[in-house]
Amino acid sequence: MEYSQSNVGFAMRVTVNLQRLEYDVIIVGGRPSGSTLAARLGLAGLRVLLLERAQMPALPGASCPIIYASTMDMLDEIGADEGAYARATPKIRRMVNAGEAIKGEIAIPMLNGRDYGYAIDRARFDFALWENALRYPTVEGRLGWSVTDLIWEDGRVVGVIAGAPGQPRQEIRAAVVVGADGRFSLVARKTGAAQRDEHVEFPTSIYYAYWKNAPPYDEHGAAAVAWGDGTGFGFLMMDSADDTVVVAVEGQSDIIDPPPGQVDAWYEALIGRYPIIADRMRYAERITDVRGMKNIGNLYRQPGGSGWALVGDAYHQKDPLDGQGIYDAVFTAKVLANELIAYFTNEQDWETTLRRYDCAARSETYPMYQSTLQRVQASMYDSSPEWLRWVAANSFGRWLFEDRLIREQMGLMLTRQISPREMMSTPLVVGALLRGPLRDLSRFLDRQLET
């Protein structure tokens, strides 16, 4: 059987005889984007080799994510077991804003029978998805295998050079190589993948750790609790697996800048200065190292080229402020799988495959990307005078967040039921700003009556 591949951007075409290849697709990286892509391709009967340099279960370099029903729906499609990837993890049904001026809760809205999210344990989550992918007979996985280079023939990627530690490197060939290898993707570097829509004007950094034996935030059940005071950074506490709490701090990179070799001490000193965190963690035990990422990237890369493609963070990465990273990874894997299946069934050429993949992936992720960048600027880089920030937080900002309709829209956006462009329509904002002063007046009159 022969398929034609078109080298994106060129008229040249090359022919690949798949019968001579051991694999249809090699996926470099076995975390969520790679493992869910492998499962979808395996479901279609494609021969897949999934390579992961780490031994799992193991935490990734930096991630303290939350997932919602929108992500779980996609995991259902590949047969992933919620009881495995979210084992012993509490269901979070509310997002709490515990800021100095703006306080309130956003209820997680119902979507296909789920009105909750999970602050997942990434080691458990990633390994469950890895094992799920390997359930499919045509998917082979190798843990502890790192890729050191790509194999090229006539300007086209035709395989990888990879191996386990202490073992000879091997040449492994496939019709397509996919980089699912994260923000610092080797596949992207080796192919010279062009970057697009990069934003570096508002750099942020994040650090986090997991804690044991912390008391509940309140009596109302598991929650994700955010706190900030407008000084360029904020905290997030989320109830996670095995009765742990993850505590993260994110902010301007110039502020969130621990001294070399002193990350743990710096992190503990920082959270100790803020009672809302310090009081809850006073008798808790930190059970992980402090992990993090400096100068978080915000960009897209080209979707692929001759014989190769990128997915997940290798393709698109952004600030974690809105908690959408796992969704984006799983969604881009789904879109790429659909297009690869169409390519391997000879429904379209390679150029069309990449074009359709890029179009569908950007259509879904770009509005949230823009929204996240705007939120980073507004919440961490607001250059307004302090008095103006105080007035805004204690009036307009509070009126908006206290408004029931606005909070409902926020919940729908977090679960990807509406686009960020739909969340803050002009009529909705105007209505909220009119209702806010009336609520304040009603409270004032109630207090007067009580006295």
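The values are calculated or read from the model by the stated rules, or taken from the named source; none is laboratory data. For clarity, every value in this text was computed on a predicted model and none was experimentally measured. When we count neighbours, we look across all protein chains shown, and the Cβ atoms used for this are built from the backbone with ideal geometry, even at glycine.
For this structure, a couple of remarks:
- Within segment 369-376, none of the residues are in contact (Cβ under 8 Å) with a residue 60 or more places away in the chain, in contact with a strand residue (DSSP E or B) (Cβ under 9 Å, 6 or more places away or on another chain), aliphatic (A, V, I, L, M) and more than 26 Å from ALA314 (Cα to Cα).
- Count - residues of segment 408-422 that are more than 17 Å from LEU321 (Cα to Cα) and at pLDDT 90 or above: 4
- Some residue of segment 383-398 being surrounded by 14 or more Cβ atoms within 10 Å (Cβ to Cβ) and touching a helix residue (DSSP H, G or I) at 6+ places or on another chain (Cβ under 6 Å): no
- Some residue of segment 28-46 being charged (D, E, K, R), at pLDDT 95 or above and outside any helix (DSSP H, G or I): yes
- Extreme residue, farthest from the chain's Cα centre (by Cα), among residues of segment 182-224 that are among the small types (Gly, Ala, Ser) and within 24 Å of ALA123 (Cβ to Cβ): ALA214
- The single residue among ASP73, ASP121, ASP115, ASP81 that is crowded, with 19+ Cβ neighbours inside 10 Å and charged (D, E, K, R) turns out to be ASP121.
- For segment 170-180, the count of residues that are out of contact with any Ser or Thr (no Cβ under 7 Å at 6 or more places or on another chain) and not in a strand (DSSP E or B) is zero.
- The number of residues in segment 302-323 being touching a Ser or Thr at 6+ places or on another chain (Cβ under 7 Å), of a type outside the set (Val, Ile, Thr) and outside any helix (DSSP H, G or I) comes to 7.
- Complete set of residues in segment 49-85 that are in a loop (DSSP other than H, G, I, E, B) and more than 13 Å from the chain's Cα centre (by Cα): ARG53, ALA54, GLN55, MET56, PRO57, ALA58, LEU59, GLY61, ILE78, GLY79, ALA80, ASP81
- Residues in segment 174-210 that are touching an Asp or Glu at 6+ places or on another chain (Cβ under 7 Å) and surrounded by fewer than 20 Cβ atoms within 10 Å (Cβ to Cβ) were compared, and the one that is farthest from TRP266 (Cα to Cα) is LYS190.
- In this structure, ALA101 qualifies as outside any helix (DSSP H, G or I), in contact (Cβ under 8 Å) with a residue 60 or more places away in the chain and outside the structural domain of THR345 (by TED's automatic domain parsing).
- Taken together, the residues in segment 128-157 that are touching a Pro at 6+ places or on another chain (Cβ under 7 Å) and either buried (at least 20 other Cβ atoms within 10 Å of the Cβ) or not assigned by TED's automatic domain parsing to the domain that holds ALA175 (or both) amount to 1.
- Note on segment 289-301: residues that are out of contact with any Ser or Thr (no Cβ under 9 Å at 6 or more places or on another chain) and either modelled with pLDDT of 95 or more or not small (Gly, Ala, Ser) (or both) total 3.
- Evaluated against (1) exposed (fewer than 14 other Cβ atoms within 10 Å of the Cβ); (2) modelled with pLDDT under 90, GLU347 falls short on exactly one condition, (2).
- Residue within segment 353-362 that is charged (D, E, K, R), surrounded by 12 or more Cβ atoms within 10 Å (Cβ to Cβ) and at pLDDT below 90 present: no
Rundown of residues vs (1) outside the structural domain of GLY232 (by TED's automatic domain parsing); (2) under 20 Å from ALA119 (Cα atoms); (3) in contact with a Leu (Cβ under 8 Å, 6 or more places away or on another chain); (4) crowded, with 21+ Cβ neighbours inside 10 Å, yes/no style:
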{"position": "ILE276", "(1), (2), (3), (4)": "no, yes, no, no"}
{"position": "TYR283", "(1), (2), (3), (4)": "no, no, no, no"}
{"position": "VAL290", "(1), (2), (3), (4)": "no, yes, no, no"}
{"position": "PRO303", "(1), (2), (3), (4)": "yes, no, yes, yes"}
{"position": "GLY307", "(1), (2), (3), (4)": "yes, no, no, yes"}
{"position": "ASP313", "(1), (2), (3), (4)": "yes, yes, no, yes"}
{"position": "LEU321", "(1), (2), (3), (4)": "yes, yes, no, no"}
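- Evaluation of PRO275 against the conditions (1) at pLDDT below 95; (2) more than 13 Å from the chain's Cα centre (by Cα); (3) under 23 Å from ALA123 (Cβ atoms) shows that the sole unmet condition is (3).
- Residues of segment 354-370 satisfying the condition of being among the hydroxyl-bearing types (Ser, Thr, Tyr) and within 17 Å of ALA309 (Cα to Cα): TYR357
- Exactly one residue out of ALA54, ALA128, ALA164 is touching a residue at least 12 places away in the same chain (Cβ under 8 Å) and out of contact with any strand residue (DSSP E or B) (no Cβ under 8 Å at 6 or more places or on another chain), and it is ALA128.
- If you go through segment 122-147 and pick out every residue that is part of a loop (DSSP other than H, G, I, E, B) and either modelled with pLDDT under 95 or at positive phi (or both), you end up with 1.
- Top-ranked residue of segment 323-360 - restricted to ones that are acidic (Asp, Glu) and out of contact with any Pro (no Cβ under 9 Å at 6 or more places or on another chain), ranked as nearest to ILE66 (Cα to Cα): ASP328
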